[in-house]
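See below for the structure under consideration.
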Amino acid sequence: MTKEEKGAIIEELTGKFNANPYFYIVDAGGMSVAQVNSLRRMCHEKGIEYRVIKNTLIRKALENIKGDYAPFDDAVLRGFSGVLFSNESGKAPAKLIKDFHKKSGKTMPMLKGASIDSDLFIGAENLDTLLTLKSKHELVGEIIGLLQSPAKNVVSALQSGGNKLAGIIKTLSEKEG
């Protein structure tokens, strides 16, 4: 591969890392061609892009984007690396990996590291944590629901107890008179 080709790949990767706030780096070494094709098919169905890329090119592309990805150098960017790009959901690639493990009966691809809005998760033990992450939209929805809950309770109490409240006030005013 020529220097110009490497530069073009690094530039393309830099753009992908900037455009996709969620990406996972996995070790897919030891997978058969049929398994890799099955993984690619699942990725395509879920709208996730999967690419096998040299570690040095990944490292150079990560150096070009905002954020500190130095922890990936020693622990993640070793051996055979594939990158799962997702711009929709931070947990979609984790769910895909877990589903693939169930379907194939193997533990490959194995999570080496993930970046979720520039927060780094290193190691396969974080796969279950990544599965439980909520998206920004889910969190905003929960907060709105929590904020609306007290107001809804007051309105509901006033509406359901409106007749009772009027009756109590009437009874109290009659007692005083």
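Of all the criteria given as (1) touching a Phe, Trp or Tyr at 6+ places or on another chain (Cβ under 8 Å); (2) within 17 Å of Leu96 (Cα to Cα), the one not satisfied by Arg59 is (2). Looking only at the range 89-119, which residues are loosely packed, with under 15 Cβ neighbours inside 10 Å and either part of a helix (DSSP H, G or I) or out of contact with any Pro (no Cβ under 6 Å at 6 or more places or on another chain) (or both)? Those that are loosely packed, with under 15 Cβ neighbours inside 10 Å and either part of a helix (DSSP H, G or I) or out of contact with any Pro (no Cβ under 6 Å at 6 or more places or on another chain) (or both): Asp99, Lys102, Lys103, Gly105, Lys106, Thr107, Ser118, Asp119.
The selection criterion, being buried (at least 19 other Cβ atoms within 10 Å of the Cβ) and touching a residue at least 24 places away in the same chain (Cβ under 8 Å), does not hold for Ala75.
State yes or no: is Phe85 outside any helix (DSSP H, G or I), over 19 Å from Phe121 (Cβ atoms), in contact (Cβ under 8 Å) with a residue 24 or more places away in the chain and touching an Asp or Glu at 6+ places or on another chain (Cβ under 7 Å)? No. Can you name the residue in the range 36-54 that is in contact (Cβ under 8 Å) with a residue 40 or more places away in the chain and β-branched (Val, Ile, Thr) and is also nearest to Val76 (Cα to Cα) among such residues? Within the range 36-54, the match that is nearest to Val76 (Cα to Cα) is Ile53.
For the subset of the range 120-151 comprising residues that are outside any helix (DSSP H, G or I) and of a type outside the set (Gly, Ala, Ser), which member is surrounded by the fewest Cβ atoms within 10 Å (Cβ to Cβ)?
Ranking the candidates gives Lys134 first.
Here, each number is a calculation from the coordinates, and none is a lab measurement. If you're wondering where the values come from, they're calculated on a predicted model, not measured in any experiment. Note: ideal-geometry Cβ built from the backbone for every residue, glycine included; neighbour counts use all protein chains shown.
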